[in-house]
1. In the stretch 77-86, what count of residues is obtained for those that are assigned to a helix (DSSP H, G or I) and at pLDDT 95 or above?
2. Condition check: under 11 Å from the mean Cα position of the chain (by Cα), part of a helix (DSSP H, G or I) and either at pLDDT below 95 or not basic (K, R) (or both). Does L74 satisfy that?
3. What's the number of the condition D129 fails, among (1) at pLDDT 95 or above; (2) under 18 Å from I45 (Cα atoms)?
4. Among the residues of the stretch 108-126, count how many are assigned to a loop (DSSP other than H, G, I, E, B) and touching a helix residue (DSSP H, G or I) at 6+ places or on another chain (Cβ under 6 Å).
5. Can you pull out every residue in the stretch 104-114 that is farther than 14 Å from H60 by Cα and surrounded by 13 or more Cβ atoms within 10 Å (Cβ to Cβ)?
6. If a residue must be in contact (Cβ under 8 Å) with a residue 24 or more places away in the chain, of a type in the set (A, V, I, L, M) and outside any loop (DSSP other than H, G, I, E, B), how many such residues does the stretch 127-153 contain?
7. Could you figure out which of (1) surrounded by fewer than 16 Cβ atoms within 10 Å (Cβ to Cβ); (2) modelled with pLDDT under 80; (3) not small (G, A, S) isn't true of I89?
8. I need the full set of residues from the stretch 27-69 which are touching a Pro at 6+ places or on another chain (Cβ under 8 Å), of a type outside the set (G, A, S) and assigned to a loop (DSSP other than H, G, I, E, B), in order please.
Amino acid sequence: MRFNIFIFALLWLLGGCATQPYGSFIQNPSTSYSKVMADEVTAQIVRLYPAANTQFNLRHTVNDPFGHALIENLRLEGFAVQETTQQSIQQQIFAAPHQSETEPQKGLLLSYVIDQSGDLYHVNIMINDMSLSRAFLVQADSVHPAGLWVRKE
């Protein structure tokens with residue numbers, strides 16, 4: 001019996017390691033809210049990086065309206081965007097250490113976290129080691145920035 005509990009606990013812990021800490025944590029996200037927030041994020045990225053010379057490599061799979069809108073916006077602005085599939089994430093996790101050293105990665109690593117607390121949305125964009133954060137407030141069936149961008153390097 002103890003052995004079964006131990007195995008269950010071990011599998012539960014390993015399952016937690018396999019889940020990704022990035023993406024949208026909003027249940028039933030609004031497509032219009034996601035588009036507005038993605039437009040704001042894109043405008044900030046355009047201010048910080050030259051479009052024709054910058055490639056972004058996503059760290060995680062995109063399966064939410066915000067991510068799809070962000071990728072589309074970045075490509076329309078002239079950025080190269082390399083999307084990640086679940087298979088490539090597993091290859092990165094289980095790859096031998098020397099494989100990643102021999103293949104230099106072009107571009108900047110990009111990931112995001114979006115969460116919600118009541119009528120307040122929080123968007124956090126990570127580009128390599130830099131983090132950009134901004135809050136958005138829902139008012140009258142639309143979403144608006146609730147402050148300035150915060151940049152942490």
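The values are calculated or read from the model by the stated rules, or taken from the named source; none is laboratory data. Please read all numbers here as calculations on a predicted model, not as lab measurements. Every residue, glycine as well, gets a Cβ built from its backbone with ideal geometry; the counts of neighbours run over all protein chains shown.
1. Residues in the stretch 77-86 being assigned to a helix (DSSP H, G or I) and at pLDDT 95 or above: 1 in total.
2. No.
3. D129 satisfies all of (1) at pLDDT 95 or above; (2) under 18 Å from I45 (Cα atoms) except (1).
4. Residues meeting the conditions: 0.
5. G107
6. Looking only at that region, the number is 4.
7. Failing condition for I89: (1).
8. P29, D64
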